[in-house]
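To start, the structure under review is shown below, and the notes come after it.
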Amino acid sequence: MAWWNAPVRAVVQRVSRACVRVGADTVGEIGCGLLALVGVTHADGPAEAERLAVKLANLRLFDDDAGVMNRSVQESGGAVLVVSQFTLYGETSRGRRPSWSAAAPGPHAEPLVQAVADRLREYGLVVAGGRFGAHMEVELVNDGPVTVIVEV
């Protein structure tokens with residue numbers, strides 16, 4: 001698939017806790033919920049941000065009373081930590097150095113990542129985030145472990 005028609009993508013992990021730091025400052029932190037590492041490409045727009053937010057809010061990754069992953073983050077009362085991750089579009093098929101050309105530049109990507117977070121808040125979810133363009137340290141406790149790749 002060529003970069004110009006690749007879908008918005010996210011690596012989503014169910015966590016018992018997660019935080020993101022920039023230097024000595026904690027800029028985002030959640031307890032139980034989802035960590036969403038969100039990548040944006042050139043062709044993505046508001047419609048893709050909307051679809052990703054809908055998918056994240058409704059993705060059934062949390063256990064019901066029978067121990068089956070049958071509840072969404074909304075239903076489980078969890079939160080979402082949204083972190084921009086341009087490296088999700090790293091092309092590694094040739095050579096040893098990834099190409100980042102499929103990743104959208106900051107002025108295009110930042111408002112879309114913010115739109116995902118804003119839409120999740122409209123669902124009533126507690127949402128925390130990283131700091132776009134900063135060198136971030138993400139710390140998490142993956143619950144399960146449960147990790148999925150979402151492309152919409």
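In degrees, nearest 10, range 0 to 90: what is the angle between the Cα axis of helix 46-58 and the longest Cα principal axis of the chain?
Here the helix axis deviates by roughly 30 degrees.
What trypsin sites (Lys or Arg not before Pro) does region 80-152 have in DSSP loop regions with at most 12 other beta carbons within 10 Å? Each step should come with its number before you reach the end.
Details: sites: ARG94, ARG96, ARG119, ARG121, ARG131; in loops: ARG94, ARG96, ARG131.
For trypsin sites (Lys or Arg not before Pro) across region 80-152 that sit outside H, G, I, E and B with at most 12 neighbouring Cβ atoms in 10 Å, the list reads ARG94, ARG96.
Which whole-number percent is the relative contact order of region 77-152 (Cα, under 8 Å, 6+ apart)? Don't jump to the answer; show the numbers that get you there.
Working: 61 pairs, mean separation 27.7, N = 76.
This gives 36 percent for region 77-152.
One-quarter of the Cα convex hull surface for the chain, in nm²?
Values: hull surface 36.9 nm².
The directionally averaged projection comes out at 9.2 nm².
As I understand it, the dipole of the chain uses +1 on the Cβ of Lys and Arg and -1 on the Cβ of Asp and Glu, about the Cα centre. Which of VAL146, THR92, PRO105 lies farthest toward its positive end?
THR92
Can you compute the charge dipole magnitude of the chain about its Cα centre, using +1 on each Lys and Arg Cβ and -1 on each Asp and Glu Cβ, nothing else charged? Give it in debye, rounded to the nearest 20. If you can, show how the numbers build up before the last one.
Values: 14 positive and 17 negative charges, 89 e Å.
My answer is approximately 420 debye.
Working from Cα positions, state the angle (0 to 90°, nearest 10) between the long axis of helix 106-122 and the longest principal axis of the chain.
Between helix and principal axis, roughly 20 degrees.
Among DSSP beta bridges lying fully in the chain, give the percent that are antiparallel, nearest 5.
Working: 28 of 38 bridges.
Of the beta bridges lying entirely in the chain, close to 75 percent run antiparallel.
The numbers here are math on the coordinates, done by the rules we state, and not lab data. Please read all numbers here as calculations on a predicted model, not as lab measurements. Every residue, glycine among them, receives a Cβ derived from its backbone with ideal geometry; neighbour counts consider all protein chains shown.
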